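Asker: Could you have a look at this structure, given as C-alpha cells, before my questions?
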Amino acid sequence: MTQLSPRFSAAVEYARVAHAGQTRKGTTIPYLYHLLGVASLVLEHGGDEHQAIAGLLHDVVEDCGTAHAKRIREQFGDTVARIVADCTDGSAESKQSAVTPEGRRADWLQRKRSYLAHLAQVDAYSLLVSGCDKLHNARAILADIEGDAGLAVFERFTGGMDGSLAYYASIAELLSDRAAPMHAAFERVVARMHVLAGQEQRGQRIR
C-alpha cells in the first residue's frame, strides 16, 4: 500500500494556492477538483507518493507559469519535477503567444502532435500520471455530454469537437499500445464519447 507523508499534504496546499481562482472549463468548479481527481486515479492504478504528488502538480507550469518548475524541484524533489515536466503540454506563457482563433488552433494542433510524440517515448512511470490526467478529463467531458451541456461542451475547447475527439482517440491508441494501467477504462470512455457524438472512432487521429 502506498504510504502518504506530509509531502502529499504540502502538495495539495501548493496546488490550491497556485491554481486559486481557476475553475474547470465552463463551470464554477474549483480547478483543484481535477488535480485531486488525478492524484486519486494515480493511487487507484498503483502509483506511489511521487506520482500522486505529480498528479496534484501536473498543471502548475502549464497553467500558472514556468517559474513554478524551479519551486517544485526545490520543494518536492527531482523525481516529482521530472514527472511534472513530462506531463506538461506547453506553458502558461507560451499559450498566451497565440492571440487569434486561427493562431490558437494552429498552436493547439502543434502542441498536441508534439505531446503525442512525447508520450510515445516517455517512461512508464510518468505515463501513468499523464494517462490518469487524460482519463479524468475524458470522464468529465463525457459527464457533461451526458448531462445538460450535451455536445456543446466541445465549444469550450480550442480543438472543437472534431479535434478533441481525434486527440482522445489518439491517446486511447497510444495508451493501449503501451499497456498503460488505465488504458481499458480510458478506451471505454472515449468510445462512448464518439458514440454520443455520432462519429466513428476507428481511423480518427491527430495528424
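The values are calculated or read from the model by the stated rules, or taken from the named source; none is laboratory data. Source: prediction; values computed, not measured. Quick reminder, even Gly has a Cβ in these numbers, built from the backbone with ideal geometry, and neighbours come from all protein chains shown. SASA here: full protein model, heavy atoms, side chains in, ligands and nucleic acids out. Shrake-Rupley method; radii C 1.70, N 1.55, O 1.52, S 1.80 Å.
Asker: Let me spell it out: the conditions are (1) modelled with pLDDT of 95 or more; (2) open to solvent by less than 40 Å² (accessible area, probe 1.4 Å), and residue 44 meets all of them except one. Which number is the exception?
Answerer: Only one criterion in (1) modelled with pLDDT of 95 or more; (2) open to solvent by less than 40 Å² (accessible area, probe 1.4 Å) is unmet by residue 44, namely (2).
Asker: Looking at region 116-131, is at least one residue in contact with a Phe, Trp or Tyr (Cβ under 8 Å, 6 or more places away or on another chain), open to solvent by less than 20 Å² (accessible area, probe 1.4 Å), more than 17 Å from residue 86 (Cβ to Cβ) and modelled with pLDDT of 95 or more?
Answerer: Looking for residues that are in contact with a Phe, Trp or Tyr (Cβ under 8 Å, 6 or more places away or on another chain), open to solvent by less than 20 Å² (accessible area, probe 1.4 Å), more than 17 Å from residue 86 (Cβ to Cβ) and modelled with pLDDT of 95 or more, one finds none in region 116-131, hence no.
Asker: Same structure, new question: Could you grab me the full set of residues in region 14-41 that are touching a Lys or Arg at 6+ places or on another chain (Cβ under 9 Å) and open to solvent by 60 Å² or more (accessible area, probe 1.4 Å)?
Answerer: 25, 26, 30, 33
Asker: Please name all residue pairs, on different chains or six or more residues apart, with Cβ atoms under 8 Å, provided the first residue is in region 16-45 and is at positive phi and the second residue is open to solvent by 60 Å² or more (accessible area, probe 1.4 Å).
Answerer: 26/156
Asker: Does residue 128 fit the bill of being in a helix (DSSP H, G or I) and more than 30 Å from residue 6 (Cβ to Cβ)? Before you say what the answer is, go through the steps one by one.
Answerer: Numbers: in a helix (DSSP H, G or I): yes; more than 30 Å from residue 6 (Cβ to Cβ): no.
No; evaluated as a whole, the condition is false for this residue.
Asker: With respect to residue 77, is the statement that it is in contact (Cβ under 8 Å) with a residue 12 or more places away in the chain, out of contact with any Pro (no Cβ under 8 Å at 6 or more places or on another chain) and at positive phi true?
Answerer: Numbers: in contact (Cβ under 8 Å) with a residue 12 or more places away in the chain: yes; out of contact with any Pro (no Cβ under 8 Å at 6 or more places or on another chain): yes; at positive phi: yes.
It is true that residue 77 is in contact (Cβ under 8 Å) with a residue 12 or more places away in the chain, out of contact with any Pro (no Cβ under 8 Å at 6 or more places or on another chain) and at positive phi.
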